[in-house]
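The values are calculated or read from the model by the stated rules, or taken from the named source; none is laboratory data. The shown structure was predicted, so the numbers you read here are calculated from the model rather than taken from an experiment. Here the Cβ positions follow ideal geometry from the backbone for every residue, glycine too, while neighbour counts run over all protein chains shown.
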Amino acid sequence: MITKRIIPCLDIKDGRTVKGTNFINLRDAGDPVELGAEYARQGADELVFLDITATNEKRKTLSELVSRIAHHINIPFTVGGGISSVEDVRVLLQHGADKISVNTSAFKRPDLINELSGEFGSQCVVLAIDTKQEEDGEWYVYLNGGRVKTDTRCIDWAREGVRRGAGEILLTSMNHDGTKNGFSVEITGTLARELPVPVIASGGAGTMEHFTEVFREANADAALAASIFHFREISIPELKAYLNSEGIPVRV
Amino acid sequence: MGERIVIVKYNAGNIQSVLYALERIGKQAVVTDEHEQIRLADKVIFPGVGEASSAMAYLKERGLDQLLKELKQPVLGICLGMQLMCLHSEENDTECLGIFDEPVIRFVAGGTGMKIPQIGWNRVVETSSQIFHGIPDGSYFYFVHSYYAARGAHTIGVADYIQPYSAALHKNNFYGVQFHPEKSAGAGEQLLRNFLSI
């Protein structure tokens, strides 16, 4: 039986992790490679590295970082942030990334998803969607890190993305992100039920019970979190032991 | 000068990851499609993530299909590499190398609600080969695939996704694994070490 995946997310700026961390046993917790390797040792199933300043000048820094990650880390990892062309992706994959994630650039030019899946295969194309539930009860797609609203419903864009070749959906609920009140069971459940590809839930993790909830009630395939891992509010071995005791299939 | 490990270069992804994984366990390898280097290697690794028919076309164009079949040293196919070592793949109805008789079939969710491709960590059970030496039966490995090799006479490890299938195959000097040892943490590294010590 396939297991539910636990995925720490590391935000990167100029080759360094952005958010503070609380890892006292690391020489340099600002080094994404060292932090990522620590998560891998603890039993993380995958890692996501999001480059939040991925401008063209920084591209080289990112590919060098990806190469260092690929050399040192023995679990799969996804790289995202500012990716907008087949060439961008070719470079990152050649440097050892297993998957890439696209967000705003794919929404603005959906053919990008077709191009990437056609060239490199769906298995390495993760479509990241930031979504927010509005007062009308509908979930809409937001762009540019949540700053720009669109009139497209999340489920419609997710379906189109999968049809165009996205192999996984990384879904962040902006209503829940940063609240530590739990993942969105509603929109995660809708996408997990409606889509034929895995859905990674993101945004809102605060307790171990929140993971049980999103796996059991929303049937998410994976759950992503950042600060609760970085600040060691929850450790991965503890989380996995807990999920295992709850009957959720995890790699322990 | 240690033993010569060659990773077969062809039009498939993930080759770099295998090279790095070998480095992590202290082994150097050469990535090449040159016949002579492959023929003279002590160990050959045939990795890959990609599509079967274009990969077979590429191998045939360079005569690598014949060469691979005739190798006498230990050969390890990974993911697509393992599938290409089978007789036939449903992926674009592709005739493959025919080292293993097991057919390669597409996963059919058939109302199970299971996602295709399978992406993630799954258990490998019923392991019966020296490449699993020191790895407890039921250990987890990382899988990414939409097609699978059926169970058969050459099965040396079984995974279950929608139905049980071959997670690993073995015949004579040829080994194949559907999962990615290069991305499977400690268990994967142990498997690579085991293969290299055959």
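Here are the numbers for the structure shown:
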quantity	calculated
All positions within the stretch B:136-150 that are within 14 Å of chain A (Cβ to nearest Cβ) and either in contact (Cβ under 8 Å) with a residue 60 or more places away in the chain or out of contact with any strand residue (DSSP E or B) (no Cβ under 8 Å at 6 or more places or on another chain) (or both)	B:Pro136, B:Val144, B:His145, B:Tyr147
A:Asp130 being under 18 Å from the mean Cα position of the chain (by Cα) and away from every other protein chain (no Cβ under 14 Å)	yes
Selection from the stretch A:219-233 of residues that are touching a helix residue (DSSP H, G or I) at 6+ places or on another chain (Cβ under 9 Å), more than 27 Å from A:Val197 (Cα to Cα) and surrounded by fewer than 19 Cβ atoms within 10 Å (Cβ to Cβ)	A:Glu233
Residues of the stretch B:48-67 classified as within 17 Å of B:Arg4 (Cβ to Cβ) and within 13 Å of chain A (Cβ to nearest Cβ), total	0
Count - residues of the stretch A:174-205 that are buried (at least 18 other Cβ atoms within 10 Å of the Cβ) and out of contact with any strand residue (DSSP E or B) (no Cβ under 6 Å at 6 or more places or on another chain)	8
Of residues in the stretch B:96-135 being small (Gly, Ala, Ser) and away from chain A (no Cβ under 13 Å), the one surrounded by the most Cβ atoms within 10 Å (Cβ to Cβ)	B:Ser129
Qualifying residue in the stretch A:142-161 (condition: in a loop (DSSP other than H, G, I, E, B) and within 20 Å of A:Val79 (Cα to Cα))	no
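So that you can scan it fast, the table gives a plain yes or no per residue for (1) modelled with pLDDT of 90 or more; (2) among the small types (Gly, Ala, Ser); (3) in contact with a Pro (Cβ under 8 Å, 6 or more places away or on another chain):
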| position | (1), (2), (3) |
| --- | --- |
| A:Val18 | no, no, no |
| A:Asn25 | no, no, no |
| A:Pro32 | yes, no, no |
| A:Arg41 | yes, no, no |
| A:Ile52 | no, no, no |
| A:His72 | yes, no, no |
| A:Gly80 | yes, yes, no |
| A:Gly96 | yes, yes, no |
